[in-house]
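These notes concern the structure reproduced below.
The values are calculated or read from the model by the stated rules, or taken from the named source; none is laboratory data. The structure presented is a predicted model; accordingly, all values stated were derived computationally and were not measured. Positions of Cβ are generated from backbone atoms using ideal geometry, with glycine treated the same way; all protein chains shown enter the neighbour counts.
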Amino acid sequence: MNIQPFTLERYFAQYEFNAPYLLCTSDCESLTVGELLALEPGAAEGLQQCWLGYTESQGSPELRTEIAGLYHQIDLDDILVHAGAEEAIFNFMNAVLDPGDHVIVHSPCYQSLYEVARAAGCQLTRWATAEAEDWTLDLAWLEQHIQPNTKVIVVNCPHNPTGYLMSQDAQQQLIEIARCHNLLLFFDEVYRGLEYRPEDQLPAACDLYENAISLGVMSKTYGLAGLRIGWIATRNREVYQAMAAFKDYTTICNSAPSEYLAALALRQKGAIVERNLEIAKHNLALLNSFFDRHQAIFSWVPPKAGAIAFPGLKLNQSVEAFCADVVAQAGVLLLPGTKYDFDDRHFRVGFGRKNMPEALARLEAYLEEQIVV
Ligand SMILES: Cc1ncc(COP(=O)(O)O)c(C=O)c1O
């Protein structure tokens, strides 16, 4: 398999555990095992009883029941649990796509959403979005670029890295296009639930369309990346069976303690998501006024959901060089757009963590000392 290095993950491997201030992470503030167990009476004893044998390959019925509860048209047999969203992406692309299939991918995007398909021998077309259009997906463009060999449309909404969220009308039109051309729709919904206005939340694609595959995970909205629990939800049995069979060659089954803790977190999702949304909204207000104060340096399209955004750098300088200097001088990690195979003018900020105000203050002090406009 000729797969390229995951540029963003290699960048995090270099900095994540030694840069003092992470101002570009994509997840929400996490919890300790003790804090999670404290949310439900008897949960600690339950964990002690957790059996450490092999688990059911598709995910425990308890966990799949909780996950199915996030959807309306999905039951537990439509859920396939994986080791994070990442394994689900890898397995979907490998199990469902054949060399020569054409794949249309929302761009810029999380690298595995296109790289795994490319490595599987697929032909890729990037469905490009631009800051000047508020990162909006153009449905007319999509229709014009569907080919006889197109098999899948890959969309990520709420979007990494821009925080873009399509309207419900646009989502409906997208589904009509996919249905009309009999295409699979792989909808990465890992930030679903982090909409700042509840009325902006999109229905899950798997509820609306029989050939959609909705991707979910415990890492982002719930802040529990260390559980490594993700899933797909789909009513397409062929896709489900192909992925279930492929999983026998990746992880076979999931970690029993992680499944137990993920089911607990989903039972307590109200409190967890409310806390995470509060942190993200508080931090976003700080970012809005920061970018307002620094309009000469940055362009800013406020996100609609999630805990990341993708501002532009107006200085006559490469973003790579800017980010390298910020981390060297101020200890603040930003993520250059080049790590998305995008341009050298944008960078990702993340604002899901509690210590984000401190990191932002550091960045502001750096600007005041180092940048003359
Ligand atoms: C859009 C998107 N999809 C999938 C993933 C993978 O999630 P996980 O690392 O929890 O498997 C990420 C992680 O950053 C992501 O941002």
Has region 93-105 got at least one residue that is under 21 Å from the mean Cα position of the chain (by Cα) and within 12 Å of the ligand (Cβ to nearest atom)? yes
Looking at the structure I just gave you, is Glu238 in contact with a strand residue (DSSP E or B) (Cβ under 8 Å, 6 or more places away or on another chain) and either farther than 24 Å from Ala307 by Cα or in contact (Cβ under 8 Å) with a residue 60 or more places away in the chain (or both)? no
Identify the single condition in (1) within 16 Å of the ligand (Cβ to nearest atom); (2) touching a His at 6+ places or on another chain (Cβ under 9 Å); (3) among the acidic types (Asp, Glu) that Glu131 does not satisfy, given that it satisfies every other one. (1)
Does Ala263 satisfy the condition of being outside the structural domain of Pro357 (by TED's automatic domain parsing) and either in contact (Cβ under 8 Å) with a residue 60 or more places away in the chain or under 14 Å from Ala85 (Cα atoms) (or both)? yes
Could you list, in sequence order, all residues of region 16-28 that are crowded, with 18+ Cβ neighbours inside 10 Å and either farther than 21 Å from Gly306 by Cβ or not assigned by TED's automatic domain parsing to the domain that holds Lys354 (or both)? Ala19
The lone exception for Gly331 - which of (1) at positive phi; (2) touching a Gly at 6+ places or on another chain (Cβ under 6 Å) it fails: (2)
Which members of region 158-189 meet the condition of being in contact (Cβ under 8 Å) with a residue 40 or more places away in the chain and either within 15 Å of the ligand (Cβ to nearest atom) or among the β-branched types (Val, Ile, Thr) (or both)? Pro158, His159, Asn160, Pro161, Thr162, Gly163, Tyr164, Leu165, Phe186, Asp188
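Anything in region 236-291 that is of a type in the set (D, E, K, R) and either crowded, with 20+ Cβ neighbours inside 10 Å or over 29 Å from Cys24 (Cβ atoms) (or both)? List them, or say none.
Within region 236-291, the first condition is being of a type in the set (D, E, K, R), and the residues that meet it are 237-238, 247-248, 259, 267, 269, 274-275, 278, 281.
The answer is Arg237, Glu238, Lys247, Asp248, Glu259, Arg267.
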Tell me which residues, restricted to region 190-238, are touching a Pro at 6+ places or on another chain (Cβ under 8 Å) and within 10 Å of the ligand (Cβ to nearest atom). Tyr191
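Of everything in region 1-29 that's small (Gly, Ala, Ser) and either outside any loop (DSSP other than H, G, I, E, B) or more than 15 Å from the ligand (Cβ to nearest atom) (or both), which residue is farthest from Glu358 (Cα to Cα)?
For region 1-29, the residue satisfying everything is Ala13.
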Could you check Ser214 against (1) touching a residue at least 40 places away in the same chain (Cβ under 8 Å); (2) farther than 16 Å from Tyr71 by Cα and say which number it fails? (2)
Which condition number in (1) more than 18 Å from the chain's Cα centre (by Cα); (2) within 13 Å of the ligand (Cβ to nearest atom) is the one that Val155 fails? (1)
Being in the same structural domain as Tyr71 (by TED's automatic domain parsing) and touching a Cys at 6+ places or on another chain (Cβ under 7 Å), is that true of even one residue in region 250-258? yes
